[in-house]
1. Could you give the dipole magnitude of region 270-380 about its Cα centre, charging the beta-carbon of Lys and Arg +1 and that of Asp and Glu -1, in debye to the nearest 20?
2. Report, in cubic angstrom per residue, the convex hull volume of the C-alpha atoms of region 335-375.
3. Based on the alpha-carbon gyration tensor of region 270-380 and its eigenvalue square roots a ≥ b ≥ c, which shape applies: rounded if a/c is under 1.5, prolate if not and a/b is larger than b/c, or oblate?
4. Grab the DSSP H runs of the chain that are 4 residues or longer, score each as -39,500 (n - 2.57), total them, divide by all residues and round the 222 nm result to the nearest 500 deg cm²/dmol.
5. If the reach is capped at under 19 angstrom between alpha carbons, list the aspartates and glutamates near LYS24, excluding any in the same chain fewer than eight residues apart.
6. Take every Cα pair under 8 Å in region 3-260 that's 6+ residues apart, average their separations, divide by the length, and report that relative contact order as a whole percent.
7. For a quick check of your reading of the filter: which chymotrypsin sites (Phe, Trp or Tyr not before Pro) in region 1-57 sit in a DSSP loop and have no more than 16 other Cβ atoms within 10 Å?
8. At a Förster distance of 45 Å, what's the computed FRET efficiency of SER85 paired with VAL291, Cβ-Cβ distance as r, to 0.05?
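Computed from the coordinates by the stated procedures, all read-outs in this text should not be read as laboratory data. A quick note: this is a predicted structure, and the numbers were derived from the prediction, not measured. Cβ placement follows ideal geometry from the backbone for every residue including glycine, while neighbour counts extend to all protein chains displayed.
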Amino acid sequence: MKLSDFLSRKPLFYDVIDYERFPKAYQAVAHLLPSPKIIHLVGTNGKGSTGRFLATALSRTGKKVGHYTSPHILRFNERIWVNGSEINDEALEAAHKKLLSLLPEAIAEALSYFEYTTLLAMVAYEECEYVVCEAGLGGEFDATNVYEKVLSVFTPIDFDHAAFLGNTINSIASTKLRSMQRVALLGKHKHSEVESIARTIAGEKGCNLYTFSERFTPEIETIALHLATKNTLSGYLCDNLMLAMMAYELLGYEASEELFDQSALFGRLSAIAPNITLDVGHNALAAESIVQSFAGKKVTLIYNTYGDKDYREILALLKPIIDSVEIIEVNEARIVQRHLLELVLDDLDIPYRSFDEINNKQEYLVFGSFSVAETFLKRMNKH
């Protein structure tokens, strides 16, 4: 059975997560899987860009490097990146066929979409020396946490996925930070308690913990600021770039401008047309970064959201840069009911209408989930 057909039978989301299923499945086949050096990316925002900066730099030194990320925008292949390119269809199907030959049928059928994909990526990375592995929504109980790691990197942690992670920073941070093992790097955090929680957990685990401020050097700042100006990276992408450089140096290498001279990533403040910026952020922390990037401007916001997101807070944060909102219809079960979104927009006194077409005389920001980005790109034929 082709991978697309196999995955189509698995639900993407669960109301209740079975935290024991995947570790048991992994232990059954761990000895048959490759064992590259794993750099684990955990956090609320910035995992994708930090990971891609780091993976690209490592691959430019001649090493074979994989980058596992999720979700995808247009093609499943985007999730499994190897040395600068997403995996091709032939290699993907070959990895799927091999994994099915390793897993007992009952286990393969029982695994969730993300769990199966996490094992599939490792099979595809058979020849890689390094794999930069991005966690899904969690940390300690995430499928990606089964792997032994040479380094854990924690990007900014904020409120998100409260149903699974809790509704306090303490509970969210604790769940994510308990994924650290031997060496960990803590990025910039706006919540002061994150660092104290990290230090407590590191002490309990005997993990060598480094913070952003401890690893910050004038040389890294100079390189990052120059590249940010050259490649028009926003403030938070510049922070992610510096974090990637710090991680690179913790692996025992020396960061240089040549290795990290990379453009902003697609999906993160990507200018897809002269008057259209796209960002797949979908939480309050991402909204705060967007407002900083667009300070002093007014844009038309093309928007929709999952019902479990705090879209009231997100829209309130974005309001200073919003001229009006154009709601894009998204065919996805998790999307908020239209009338509930309109109630919030009315309450915030933000004008809105349905998205129809782009006016080349207006400046647009497409902001929301990967589903929003995918829907917009397909409608605009940007893919």
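1. In total the dipole reaches around 240 debye.
2. Details: hull volume 4.1 nm³, N = 41.
About 99 Å³ per residue, rounded to a whole number.
3. It comes out rounded by the Cα gyration axes.
4. -12500 deg cm²/dmol
5. Candidates past the 8-residue exclusion: GLU105, GLU109, GLU115, GLU140, ASP142, GLU148.
6. On the way: 411 pairs, mean separation 60.0, N = 258.
After rounding, I find 23 percent.
7. For chymotrypsin sites (Phe, Trp or Tyr not before Pro) across region 1-57 that sit outside H, G, I, E and B with at most 16 neighbouring Cβ atoms in 10 Å, the list reads PHE13, TYR14, TYR19.
8. Here the calculated transfer efficiency is 0.85.
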